[in-house]
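Encoded as structure tokens, the structure appears first; notes follow it.
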Amino acid sequence: MLVEGPVEVELEDGTTVSSDRFRVALCTCRRSRRYPWCDTSHRRGAKKTTGRAGASETGTRSKSEDGTGSRSDDSADRPPGTSSPGGPPEPNSCARTRIEDGRTVVEVSGEVDIATSGLLAVHLDAATAGQGVDVLVDLRSVEFFDCSGLRVLCRAEARAREGGGRLRVACHAPLVRRLFAATGLGERLLPLPALPGGDA
């Protein structure tokens, strides 16, 4: 969880720790070796799996028949996260975009935190760039989501609304729903339990 500093935290044993940094990442999973400060240990403890939002690592390489490494697609000539000509941004380890039934669906997977929220922002910024957009953010495959992700979502929702469009969220993970409720954003984003229209 990212909060504005300086911060003073009282631990369970009654001791108090403080940080005078202007922005502080608090650990909410208790995996951090610097608890209560977040050291992104939650990311290192997760299994690297290929989810619906693509491979676990951006720009994965595969062995060709002659044993040399090569990109699995044509993205080698483009900076990571940039758009392919005439299309949405390239899929990354956090998000991918597809157009379906006149709306833009941004599928999110894995862990969204201070280190990866920028990858999500690339797709949401592109999805909300036009006028009258209809954007659906699919968070059903998310394993971890903190305030950094919420900030990106709120900015994208505001951009969509200002352009006469809308942004909706599909989410059934208790962890993310509790975060929405705790911050009061559940009333603003109104998370859906599933994709509308009976989508899988």
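No lab work stands behind these numbers, since they all come straight from the coordinates. Because the structure is a prediction, the values reported are computed rather than measured. Here the Cβ positions follow ideal geometry from the backbone for every residue, glycine too, while neighbour counts run over all protein chains shown.
Worth a mention:
- On the basis of the beta-carbon distance and an R0 of 45 Å, VAL9 and GLU162 show a calculated FRET efficiency of 0.80.
- Among PHE144, ALA121, ALA158 the positive-end extreme of the charge dipole of the range 84-169 (Cβ point charges): ALA158
- Mean Cβ neighbour count within 10 Å, used as a protection proxy, ranking 161-172, 90-101, 180-191 highest first: 90-101, 161-172, 180-191
- Relative protection proxy for 122-129, 25-32, 8-15, 104-111, from highest mean packing down: 104-111, 122-129, 25-32, 8-15 (other beta-carbon atoms within 10 angstrom).
- Computed from the C-beta positions of THR16 and ARG177, the FRET efficiency with R₀ = 41 Å rounds to 0.85.
- Within the range 88-200, antiparallel bridges make up roughly 30 percent of the DSSP beta bridges whose residues both belong there.
- Taking amide H positions as modeled 1.01 Å from N, with prolines and chain starts lacking one, the residues under 5 Å from LEU192 and 5 or more places away or on another chain are VAL169, ALA170, CYS171.
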